[in-house]
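The values are calculated or read from the model by the stated rules, or taken from the named source; none is laboratory data. If you're wondering where the values come from, they're calculated on a predicted model, not measured in any experiment. With ideal geometry, Cβ positions are generated from the backbone for all residues, glycine too; neighbour counts draw on all protein chains shown.
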């Protein structure tokens, strides 16, 4: 009896030690993950020289909003913002509509030829034409340098169609359809009146997946757009953050000395990172559960 | 109606009936086909058409002549690629980056999920989860911008180095030897949290009775992680491993391209960035289509072989 007690006492002592180490490691991981983001945030409102000299670590130093006031007056950033919002809205709407329609049709086991259609779609997961042939198709369709070049080639993601299909298969009861058919309800009416209201969760998941994709993508804009006035935010950002200071120094031409210019450019870099990432980082904790749900539905059938 | 006919004509009648039945099935559900129509058209145009377009890899394609009108070149472009001076470098950079990346990034989400799964304080758990998912929502452009700022000679990392050891600042971005580490560690920072979600979902599905039985048998938390949790997420891990290996030649274009500097090219030029530069910037369509095709064929072979191996070893496979 006492032997069993010491055994369980030993176990709980070991478990306690495990817990302490586990909580400590997770805390350290959380700090490592969040600190770079926090650093960017405080650096965007600190005197650049304190940042460059390594004096600013935990709190902003020499509070200044010069970076943000310059960003506020920089037309190209807001034009990029406007373009990104336009592409994201139009693109996501098309994506979600097509994905939900296809996912629903494929979830119906009375759809004759369903397997043939699935094979037709799945082949595209394993074979693809690659960058150049795809580019030539977009060019042939005269989409280059229009916003449709960013949207149409990404109109449907097969992975998301499969997520939607799994969702419909599991959450729309067959009896509902049978009953509706007896009442003389067509597929379109059934879909619009019954399926869509029952599927708000999956629609939210798909919209989020697609919207984040559009918001953050820059490659398609890089290869398909030539016209600056159509550039999405990410392409403008790339010019400020990555291309060797080209645009950043362009922004600050009014400042004469090279040293001052470098200071302002650095403030500007931190500022644009915040301005560009803030919308998603502020929204996502509230919609996190939808993302988690989407990944889970995807993993069940994936 | 069938009664009138003798047995001789019943067989064609039957198949005619079946045909009629099928037609009825199709016409009853014609609206469902309408639902599918845009998606099928989409895949026909933006997936199958480019697949057909791949034949330019075997031709000397010129835009004016079109795909059909351009003369055949056979395997000329492939041979040129295999014999080009940077062939070895491209392959080793691509493979090196992805294999090393896979070894480093694959186990971490599993460990994170196992660790998070043991947290009983729900607030703390939620806080850590929300924190580690955050970098997933940062764009590649912003991530690359952050890397460039942090690793610059006056950046925070070099300040730390100078603080601690008093060395001269390290020129991370212009030296080829730092590229792989930069690329992979930033991947770890950005992706580990979000990748852990799948494993957390799998862990939530573990039958609690198994844990209770293990506790009765005197198992510690550590033992239960190794003997209950880990085996139960193995199928998920294997599927994800197959997918990852199948994508090993498909190292993301974006980050590699954004982090390239003229001096780190010897280690940062990978197949996808090369295809972009040669194909779209220099308009050598046929040659870069050949390079791209070579890349996807290798990928497909890898995917199929890993899938087969996984099937044999663990009876878990994609298809």
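Determine if region A:123-130 includes at least one residue that is more than 11 Å from chain B (Cβ to nearest Cβ) and either touching a helix residue (DSSP H, G or I) at 6+ places or on another chain (Cβ under 7 Å) or closer than 30 Å to residue B:52 by Cα (or both). No, region A:123-130 has no match at all. Among the residues of region B:27-44, those that are at the interface with another protein chain (Cβ under 7 Å from one of its Cβ atoms) and under 23 Å from the mean Cα position of the chain (by Cα) comprise B:39, B:42, B:43.
Got a sec? Which helices (runs of 4 or more DSSP H) wholly within region A:216-302 have at least 2 residues that are within 30 Å of residue A:165 (Cβ to Cβ) and at pLDDT below 85?
Numbers: elements: A:219-224, A:233-241, A:246-251, A:258-301.
Counting at least 2 such residues, we get A:258-301.
Do we find that residue B:143 is farther than 17 Å from residue A:265 by Cβ and assigned by TED's automatic domain parsing to the domain that holds residue B:95 in this structure? So that I can check it myself, show each step before the final result.
On the way: farther than 17 Å from residue A:265 by Cβ: yes; assigned by TED's automatic domain parsing to the domain that holds residue B:95: yes.
In short, yes.
Condition check for residue A:142 on (1) surrounded by fewer than 15 Cβ atoms within 10 Å (Cβ to Cβ); (2) more than 11 Å from chain B (Cβ to nearest Cβ); (3) over 30 Å from residue A:223 (Cβ atoms); (4) at pLDDT 90 or above: one failure, at (3).
Let's see how each residue does on (1) under 30 Å from residue B:224 (Cβ atoms); (2) within 9 Å of chain B (Cβ to nearest Cβ):
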{"residue": "A:6", "(1), (2)": "yes, no"}
{"residue": "A:26", "(1), (2)": "yes, yes"}
{"residue": "A:73", "(1), (2)": "no, no"}
{"residue": "A:78", "(1), (2)": "no, no"}
{"residue": "A:81", "(1), (2)": "no, no"}
{"residue": "A:96", "(1), (2)": "no, no"}
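Which of (1) assigned to a helix (DSSP H, G or I); (2) touching a residue at least 40 places away in the same chain (Cβ under 8 Å) is the odd one out, the single condition residue B:173 does not satisfy? It fails just one condition, (1).
Which residue is farthest from residue A:295 (Cα to Cα), if the candidates are limited to region B:200-222 and must be in a helix (DSSP H, G or I) and at the interface with chain A (Cβ under 9 Å from one of its Cβ atoms)?
Here is the first cut: in region B:200-222, the residues in a helix (DSSP H, G or I) are B:200-204, B:208-216, B:221-222.
Among the residues that remain, those that are also at the interface with chain A (Cβ under 9 Å from one of its Cβ atoms) are: B:200-202, B:204, B:215, B:221-222.
Values: B:200: 10, B:201: 9, B:202: 11, B:204: 14, B:215: 31, B:221: 27, B:222: 27 Å.
Applying the filter and picking the extreme gives B:215.
In this structure, is residue B:62 out of contact with any helix residue (DSSP H, G or I) (no Cβ under 7 Å at 6 or more places or on another chain), surrounded by 14 or more Cβ atoms within 10 Å (Cβ to Cβ) and not assigned by TED's automatic domain parsing to the domain that holds residue B:176? Against the criterion (out of contact with any helix residue (DSSP H, G or I) (no Cβ under 7 Å at 6 or more places or on another chain), surrounded by 14 or more Cβ atoms within 10 Å (Cβ to Cβ) and not assigned by TED's automatic domain parsing to the domain that holds residue B:176), residue B:62 qualifies.
Is there a residue in region B:83-92 that is part of a strand (DSSP E or B) and either out of contact with any helix residue (DSSP H, G or I) (no Cβ under 6 Å at 6 or more places or on another chain) or modelled with pLDDT under 90 (or both)? Show your work before the answer.
The initial filter retains those residues of region B:83-92 that are part of a strand (DSSP E or B), namely none.
No, the conditions are met nowhere in region B:83-92.
The residue that is nearest to the other protein chains (Cβ to nearest Cβ), counting only those in region B:251-281 that are within 11 Å of residue B:97 (Cβ to Cβ) and assigned to a loop (DSSP other than H, G, I, E, B), is B:252.
Just give me the residues in region B:122-177 being within 25 Å of the chain's Cα centre (by Cα), within 25 Å of residue A:56 (Cβ to Cβ) and more than 7 Å from chain A (Cβ to nearest Cβ), in sequence order. Of everything in region B:122-177, those that are within 25 Å of the chain's Cα centre (by Cα), within 25 Å of residue A:56 (Cβ to Cβ) and more than 7 Å from chain A (Cβ to nearest Cβ) turn out to be B:143, B:147.
Across region A:44-99, the qualifying residues are those that are touching a residue at least 24 places away in the same chain (Cβ under 8 Å) and closer than 24 Å to residue B:157 by Cβ, and the one among them that is surrounded by the most Cβ atoms within 10 Å (Cβ to Cβ) is A:51. Against the list (1) in a helix (DSSP H, G or I); (2) at pLDDT 90 or above; (3) surrounded by 14 or more Cβ atoms within 10 Å (Cβ to Cβ), the condition residue B:158 fails is (2).
So in region B:282-298, with the set limited to residues that are in a helix (DSSP H, G or I) and out of contact with any helix residue (DSSP H, G or I) (no Cβ under 6 Å at 6 or more places or on another chain), which one is farthest from the other protein chains (Cβ to nearest Cβ)? Break it down stepwise before answering.
Quick first cut of region B:282-298, residues in a helix (DSSP H, G or I) only: B:285-298.
Next cut, out of contact with any helix residue (DSSP H, G or I) (no Cβ under 6 Å at 6 or more places or on another chain) only: B:294, B:296-298.
Numbers: B:294: 10, B:296: 6, B:297: 10, B:298: 12 Å.
Per the stated criteria, the residue is B:298.
Can you tell me which residue among B:108, B:102, B:114 is in contact with a helix residue (DSSP H, G or I) (Cβ under 9 Å, 6 or more places away or on another chain), more than 11 Å from every other protein chain (Cβ to nearest Cβ), part of a helix (DSSP H, G or I) and closer than 30 Å to residue A:21 by Cα?
On the way: B:108 fails: more than 11 Å from every other protein chain (Cβ to nearest Cβ); B:114 fails: more than 11 Å from every other protein chain (Cβ to nearest Cβ).
On inspection, the qualifying residue turns out to be B:102.
Summed over region B:299-319, the residues that are touching a residue at least 60 places away in the same chain (Cβ under 8 Å) and assigned to a helix (DSSP H, G or I) give a count of 5. Scanning region A:108-129 for residues that are closer than 17 Å to residue A:155 by Cα and either touching a strand residue (DSSP E or B) at 6+ places or on another chain (Cβ under 8 Å) or outside any helix (DSSP H, G or I) (or both) returns A:128, A:129. Taking the conditions (1) at the interface with chain B (Cβ under 9 Å from one of its Cβ atoms); (2) within 25 Å of residue B:192 (Cβ to Cβ) in turn, residue A:14 satisfies each one other than (2).
Residues checked against (1) crowded, with 17+ Cβ neighbours inside 10 Å; (2) over 21 Å from residue A:87 (Cβ atoms); (3) more than 11 Å from chain B (Cβ to nearest Cβ):
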site: A:148; (1), (2), (3): yes, no, yes
site: A:152; (1), (2), (3): yes, no, no
site: A:156; (1), (2), (3): yes, no, no
site: A:162; (1), (2), (3): yes, yes, yes
site: A:165; (1), (2), (3): yes, yes, yes
site: A:169; (1), (2), (3): no, yes, yes
site: A:181; (1), (2), (3): no, yes, no
site: A:195; (1), (2), (3): yes, yes, no
site: A:198; (1), (2), (3): no, yes, yes
